[in-house]
1. Measuring from centroid to centroid over Cα atoms, what is the spacing of region 13-47 and region 165-182 in Å?
2. To the nearest 20 Debye, how big is the dipole of the chain about its Cα centre, given +1 on the beta carbon of each Lys and Arg and -1 on that of each Asp and Glu?
3. Which shape class applies to the chain: rounded if a/c is under 1.5, otherwise prolate when a/b exceeds b/c and oblate if not, where a ≥ b ≥ c are the square roots of the Cα gyration tensor eigenvalues?
4. Specify which residue in the list Ala203, Phe20, Ser114 is farthest towards the positive end of the charge dipole of the chain, using unit charges on the beta carbon of Lys, Arg (+1) and Asp, Glu (-1), about the Cα centre.
5. Please compute the contact order of the chain in relative form: average sequence separation of alpha-carbon pairs under 8 Å and at least six residues apart, divided by the residue count, as a percent.
6. Can you give me the accessible area per residue for the chain, using a 1.4 Å probe, in Å²?
7. Okay, helix-only estimate at 222 nm for the chain: each DSSP H run of n ≥ 4 adds -39500 (n - 2.57), divide by all residues, round to 500 deg cm²/dmol; what do you get?
8. For a quick check: with amide H placed at 1.01 Å from N, whose amide H comes under 5 Å from Glu209's, ignoring anything fewer than 5 positions away on the same chain?
Amino acid sequence: MDELIYEIKHKLFMRDCDTFQRIKPSAVLCMFQDCSEALTEGWGVGLGEMLSRDAIWVAAKVEAQATRLPLHAEEVTVRGWAKRSRSGIFPFHYEMLDTEGNELISGCSMWVLSSLKTHSMMSPDVPKITLPTPEPDNAPLPRMRPIKGPEEKRRDTRRVRFTETDINGHLTNTRYMDWVCDLPDREFHRTHPWKALRIDYRAEIYPDEDVVLDWACSDDGLWCESPGKFTAAIYYK
């Protein structure tokens, strides 16, 4: 691993793809998260170290844009690097390339440090963390404006299961997108390959919690909001 940029080649397996052989949004988020985890571990501020400081890394926002969706068995290169932190927010940027070096998907995320005791955002001065960043620092940040969908939405409820939780004891960041993708039926996905996605995380979701999902779907996009928990959107145009 380069000190500043994490890079790995990955062949898309069945677990990474939907029934139409396209890479799943949750698989993209998994690969992005793997980059961030590898970088923080390499810099000595990974999971184990932060737990010793009574803190955990928590995702605040993620977005991604697809130029072309890679398919099953395709080999891709995934790269990730940190950006300069601002007011306790730690941004990361990512890109996925094909074997010719063409960009397939790009994305960015914002992470914060959360106290294990209070489950609230910690000041960056408390853990005393500064992440090394490559220059120039010109990659875009996730949009800060709220995700807005149609006024009329359907309502669903979903319970957090054991296999959906992670080491931190809450719903895994990447599984939120699986929840959103499960809302429309299979035939909708057949004719609607995704072009972009956004997700804003607002509060942790815990094991066995019943979560309300308000959602709407059209040819333009799929929107989902769980009041007080998260808002997400997948765009098709």
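The values are calculated or read from the model by the stated rules, or taken from the named source; none is laboratory data. These numbers were taken from a predicted model, which means no experiment stands behind them. Please note: Cβ atoms are built from the backbone with ideal geometry, for glycine as well, and neighbour counts cover all protein chains shown. The area values use the complete protein model at the heavy-atom level, side chains included, leaving out ligands, DNA and RNA. Shrake-Rupley method; radii C 1.70, N 1.55, O 1.52, S 1.80 Å.
1. That distance is 13 Å.
2. That gives the chain a dipole magnitude of about 500 debye.
3. oblate
4. Result: Ala203, furthest along the dipole toward the positive end.
5. So the answer I get is 19 percent.
6. Heavy-atom accessible area per residue stands at 50 Å².
7. -4500 deg cm²/dmol
8. So Glu209 has HN proximity to Val160.
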